[in-house]
Amino acid sequence: MEKGLNKKLNLYKEKELTRIGKALSSPERLKILRLLNTAIFNVNEIAEKLHIPASTTALHVKVLEEAGLIYTELLPGVRGSKKLCHKKVDKLSIELGCEKESHEEIFSMPIGNFVDYKVEPTCGIVSETGHIDEEDEPRCFYNPNRIAAKLIWFGNGYVEYRFPNYSFQNNEVESVEISAELCSETADYDMDCPSDITLFVNDLEVATWNCPSDFGGRRGKLNPDWWPSKNTQYGKLKKWEINNQGSFIDGKKVSDNKLEVYHLAQEPYVSVRIGIKEDAKHIGGVNIFGDAFGDYPQNIEMKIIYDNK
């Protein structure tokens, strides 16, 4: 017989525990597990040995497979295919006194690494050492040197980034946090310049921040010396979070949209778009700060909190 897995669980793996509890709650399913400890059988053979209908056996097998205790394979038979059943787990342990063990993964996205955009002047891109192409020319956002961007600004529109999503496919994700240093955009700077800046994930709005200013009046802590003091200087670090309770901005709940609503594991990437909605009340542009401008030494960050499946 092939050797099975040693499976360890704790009280925080609720879905898996529930499936396993259901699987082990039936005397017939326990008999099937004992039978598969001795050999590999197809569904009809199990039904004959346990003297239960084949249709009932097939349902029991499905429950055991969904719980991860057995696995099946289809092989061609004399009359169609037959489903062979294999044991998958030799030992199952449940830790009742443990604390929740979570893992954290952070992706730092350079602000010039956008994959799509639609912007209107005033607009521009600068690196740590100078301007990247012309100001107020949206076509310049195609310049391949944009990867070196440390500050991006536009008067209206959006930029879109794509983050990897393998963590969502291989783990039980508890929360996703996206953070960026942002502010409004106008010529030079203006402390009275409201702008409704919205973050979208997979084309679904997470939340809108009403930014009060295109901040200036003092130099950003990270700004290079060549950057004029009359220009935009710094932003506010904003944090959007999606978890199993809903969607939040800076810790304040804004909707009941939970993780599953955003379909984070369905596509080969997670789309994150920052911009101004077409029907926004305050169309006051956006400045996006990278790790060498403004007050915070970070790019656009996605932090994923997850528990291993």
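The values are calculated or read from the model by the stated rules, or taken from the named source; none is laboratory data. Given the structure is predicted, the values throughout are model-derived calculations rather than measurements. Note: ideal-geometry Cβ built from the backbone for every residue, glycine included; neighbour counts use all protein chains shown.
Return yes or no: is T122 under 30 Å from T232 (Cα atoms), assigned by TED's automatic domain parsing to the domain that holds N202, at pLDDT 95 or above and exposed (fewer than 12 other Cβ atoms within 10 Å of the Cβ)? Lay out the reasoning, then the answer.
Details: under 30 Å from T232 (Cα atoms): yes; assigned by TED's automatic domain parsing to the domain that holds N202: yes; at pLDDT 95 or above: yes; exposed (fewer than 12 other Cβ atoms within 10 Å of the Cβ): no.
Against the criterion (under 30 Å from T232 (Cα atoms), assigned by TED's automatic domain parsing to the domain that holds N202, at pLDDT 95 or above and exposed (fewer than 12 other Cβ atoms within 10 Å of the Cβ)), T122 does not qualify.
When region 215-240 is examined, which residues are found to be of a type in the set (S, T, Y) and loosely packed, with under 15 Cβ neighbours inside 10 Å?
Narrowing region 215-240 to residues of a type in the set (S, T, Y): 229, 232, 234.
Answer for region 215-240, where residues must be of a type in the set (S, T, Y) and loosely packed, with under 15 Cβ neighbours inside 10 Å: just S229.
Just to check your reading of the model, which residue among S167, S184, S179, S175 is hydroxyl-bearing (S, T, Y), crowded, with 21+ Cβ neighbours inside 10 Å, touching a residue at least 60 places away in the same chain (Cβ under 8 Å) and assigned by TED's automatic domain parsing to the domain that holds G275? Before you say what the answer is, go through the steps one by one.
Numbers: S167 fails: crowded, with 21+ Cβ neighbours inside 10 Å; S179 fails: crowded, with 21+ Cβ neighbours inside 10 Å; S175 fails: crowded, with 21+ Cβ neighbours inside 10 Å.
Only one candidate passes the filter, namely S184.
Among the residues in region 34-54, are any over 30 Å from L151 (Cβ atoms) and within 29 Å of the chain's Cα centre (by Cα)? No: zero hits. Residue check: H282 meets all listed conditions (1) free of Cβ contacts under 8 Å to residues at least 60 places away in the same chain; (2) closer than 22 Å to G155 by Cα but one, namely (1). Mind listing just one residue for me: the one in region 176-206 that is out of contact with any Lys or Arg (no Cβ under 9 Å at 6 or more places or on another chain) and part of a strand (DSSP E or B) and, of those, farthest from D295 (Cα to Cα)? Across region 176-206, the extreme among qualifying residues is L204. Residues that are surrounded by fewer than 22 Cβ atoms within 10 Å (Cβ to Cβ) and not aliphatic (A, V, I, L, M) within region 274-283 comprise K277, E278, D279, K281, H282, listed in sequence order. Say we look at region 4-44 and pick out the residues that are out of contact with any strand residue (DSSP E or B) (no Cβ under 9 Å at 6 or more places or on another chain) and charged (D, E, K, R); which of these is surrounded by the most Cβ atoms within 10 Å (Cβ to Cβ)? This residue is R29. Restricted to helices (runs of 4 or more DSSP H) entirely inside region 1-84, those with at least 2 residues that are free of Cβ contacts under 8 Å to residues at least 40 places away in the same chain and touching a helix residue (DSSP H, G or I) at 6+ places or on another chain (Cβ under 9 Å) are 27-36, 43-50, 54-66.
The residue of region 108-151 that is nearest to the chain's Cα centre (by Cα), among those that are among the aromatic types (F, W, Y) and not in a helix (DSSP H, G or I), is F114. Exactly one residue among A148, A180 is under 24 Å from P268 (Cβ atoms) and at pLDDT 95 or above, and that residue is A180.
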